[in-house]
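*Asks:* Structure provided below as structure tokens; questions to follow.
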Amino acid sequence: MIKLKKLKESASKKVVYKGNEYTVTSIDVDDDEILNTSIELKNDENEKSITLQAIVNGNATTDDDYINSLVNQVKDSKEQEINQKVERPKKSEREQAIEDARDDFFSTPKNTKYFKKLEKDLFTTTLSEYEQSYYDEFKKLNSSAISKKKRVTGETIGNTYPGDVDELIDWLKKAVVSIDVETSDYSYNSTKDIIDEFNKRDGTNYEPKLRDKVGNAYIARLTNDEAIMKEMPEEVKEWKAKKNIGKLNQYVMGDVYYENDNALTSNNIVFDLLDTYKFKLGKQKPEKEKKDNGEE
């Protein structure tokens with residue numbers, strides 16, 4: 001039995017049962033058989049206690065309205081609990097496989113063990129629906145430029161910013177005037193794949209800008225409005241994140257905010273703004289215009 005309610009003495013209720021006056025001291029319900037409930041009564045004269053069994057349908061074993069109301073409370077709370085416990089429809093094998101493949105792909109480090117096993121089994125056995133769906137999803141993520149970038153970037157801002165992230169994002173919504181991507185011929189195709197995904201998400205038609213340097217650069221340019229720049233959190237100036245030094249797979253911890261250009265110049269940080277915080281590529285709309293258009 002689990003105790004649902006213990007009445008305080010000051011809130012106790014006198015009830016009459018078979019000619020004797022009792023105080024209701026508690027109401028219990030059987031957790032395994034929710035239709036059974038018990039009401040404990042105590043006689044003040046001889047301190048005798050009795051327990052009444054009742055069915056949780058509004059009908060107690062006495063005609064006392066107060067007891068009936070308490071039983072109804074038990075009934076209502078249990079029905080609400082039952083409704084909350086209604087199981088959601090189970091995922092199909094395909095849906096579960098896709099979810100599992102994404103979890104493994106985006107884990108740190110990337111979990112490739114099951115995918116590699118399926119690769120070996122691919123030409124020797126017939127894969128089940130789950131196995132085939134897992135394999136197809138993992139392979140798709142492996143070849144997707146934006147998925148690779150998301151896996152590497154993760155929650156870069158949350159993991160590197162030394163101050164209050166909410167305060168930072170609120171300020172950046174006012175301060176960022178444009179987000180641009182520059183890329184070389186060598187990395188153009190993979191960068192364009194990423195940009196196309198953001199264009200599809202946001203209904204934009206941004207095109208990357210070509211540059212002479214190898215690799216690509218994600219740049220969030222900030223406003224020249226002095227009033228807004230005065231609101232810049234102090235931590236922005238000390239913020240550091242991993243930055244490519246211009247050589248393949250070689251990085252250093254560098255400043256995120258580049259004062260000379262008045263911009264955020266860390267690729268992963270700016271990508272995180274686009275991916276996690278849903279900033280858009282290209283020129284940013286002023287806050288007031290966003291609100292007028294119902295975008296926020």
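*Asks:* Hey, can you tell me all the residues within segment 189-212 that are surrounded by fewer than 17 Cβ atoms within 10 Å (Cβ to Cβ) and touching a Pro at 6+ places or on another chain (Cβ under 7 Å)?
*Replies:* Let us first name the residues in segment 189-212 that are surrounded by fewer than 17 Cβ atoms within 10 Å (Cβ to Cβ), namely 189-190, 192-193, 196, 200-205, 207, 209-212.
The one that is surrounded by fewer than 17 Cβ atoms within 10 Å (Cβ to Cβ) and touching a Pro at 6+ places or on another chain (Cβ under 7 Å): Lys192.
*Asks:* For segment 185-223, enumerate the residues that are at pLDDT below 90 and acidic (Asp, Glu).
*Replies:* Residues satisfying the conditions are Asp185, Asp212.
Here's the yes/no breakdown for (1) hydroxyl-bearing (Ser, Thr, Tyr); (2) outside any helix (DSSP H, G or I):
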| residue | (1), (2) |
| --- | --- |
| Leu127 | no, yes |
| Ser133 | yes, no |
| Lys140 | no, no |
| Ile157 | no, no |
| Leu172 | no, no |
| Asp180 | no, yes |
| Asp185 | no, yes |
| Asp212 | no, yes |
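*Asks:* Taking only pairs six or more apart or across chains, which ones have beta-carbon atoms under 7 Å, a first residue in segment 87-113 that is of a type in the set (Val, Ile, Thr), and a second residue that is surrounded by 15 or more Cβ atoms within 10 Å (Cβ to Cβ) and in a helix (DSSP H, G or I)?
*Replies:* What qualifies is Ile98/Ser133; Ile98/Glu137.
*Asks:* Looking at segment 216-225, is at least one residue in a helix (DSSP H, G or I) and surrounded by 15 or more Cβ atoms within 10 Å (Cβ to Cβ)?
*Replies:* no
*Asks:* Residue by residue through segment 159-170, note down the ones that are part of a loop (DSSP other than H, G, I, E, B), closer than 24 Å to Glu226 by Cβ and either in contact with a Gly (Cβ under 8 Å, 6 or more places away or on another chain) or not aromatic (Phe, Trp, Tyr) (or both). Break it down into steps so the answer makes sense when it comes.
*Replies:* From segment 159-170, those part of a loop (DSSP other than H, G, I, E, B) are 161-164; that's our starting set.
Next cut, closer than 24 Å to Glu226 by Cβ only: 161, 163-164.
Once the filter is applied, which keeps residues that are part of a loop (DSSP other than H, G, I, E, B), closer than 24 Å to Glu226 by Cβ and either in contact with a Gly (Cβ under 8 Å, 6 or more places away or on another chain) or not aromatic (Phe, Trp, Tyr) (or both), segment 159-170 yields Gly163, Asp164.
*Asks:* Run down Lys148, Lys116 and say which single residue is among the charged types (D, E, K, R), without any contact (Cβ under 8 Å) to a residue 60 or more places away in the chain, crowded, with 16+ Cβ neighbours inside 10 Å and not assigned by TED's automatic domain parsing to the domain that holds Lys283.
*Replies:* Criteria check complete, one pass: Lys148.
*Asks:* Is it true that some residue in segment 189-212 is touching a strand residue (DSSP E or B) at 6+ places or on another chain (Cβ under 7 Å) and either closer than 17 Å to Val256 by Cα or acidic (Asp, Glu) (or both)?
*Replies:* Scanning segment 189-212 turns up no residue that is touching a strand residue (DSSP E or B) at 6+ places or on another chain (Cβ under 7 Å) and either closer than 17 Å to Val256 by Cα or acidic (Asp, Glu) (or both).
*Asks:* Oh, and also: Take Glu167 and tell me if it is over 28 Å from Pro109 (Cα atoms) and either assigned by TED's automatic domain parsing to the domain that holds Thr108 or of a type in the set (Asp, Glu) (or both).
*Replies:* Here the answer is yes, as Glu167 does meet what is asked.
The values are calculated or read from the model by the stated rules, or taken from the named source; none is laboratory data. Bear in mind that the values here come from a model prediction, so they are computed numbers and not experimental data. For neighbour counting, all protein chains shown are included, and Cβ atoms are generated from backbone atoms with ideal geometry for every residue, glycine included.
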